[in-house]
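Taking it in order: structure first as structure tokens, then the write-up.
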Amino acid sequence: MAATKTHTTPALATETETRRQDAWRVVVLNDPVNLMSYVVMVFKRVFGFDEVRARKHMLEVHEQGRSVLWTGNREAAEAYVFTLQQWHLTAVLEANEAG
């Protein structure tokens, strides 16, 4: 009886593919126009953040000039950026160097 060889896909290929899919960041940049309370409200509505998390990100934007709000696949990231721009926030899509 002949031995049957089985071929398994390396786990690395799956891990690499997953990283590529999650290689996009939604970043909000500071602007001199929007009030802090407005930015917090937008983060809560768009991302469903609670008050503490929304304020944390707003303060990052205010103090550091930017905050990464979400990381994931490109299509969803583009949708978040578009939505934030509709709320008149300065949002950009960035490739995630870690991905």
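A short reminder: the numbers here are calculations on the coordinates, not readings from a lab. Because the structure is a prediction, the values reported are computed rather than measured. Positions of Cβ are backbone-derived with ideal geometry, glycine not excepted, and every protein chain shown enters the neighbour counts.
About its Cα centre, what dipole magnitude does the stretch 18-95 give when the only charges are +1 on Lys and Arg Cβ and -1 on Asp and Glu Cβ, stated in debye to the nearest 20?
160 debye
Can you give the net charge of the other residues whose Cβ lies under 15 Å from the Cβ of V61, counting K and R as +1 and D and E as -1?
It works out to a net charge of +2.
Given axes a ≥ b ≥ c from the Cα gyration tensor, I'd like to know whether the stretch 18-95 is rounded (a/c under 1.5), prolate (a/b larger than b/c) or oblate.
Here the stretch 18-95 falls in the prolate category.
By count of other Cβ within 10 Å, fewest leading, how are D22, D31 ordered?
With the sparsest Cβ surroundings first, the list reads D31, D22.
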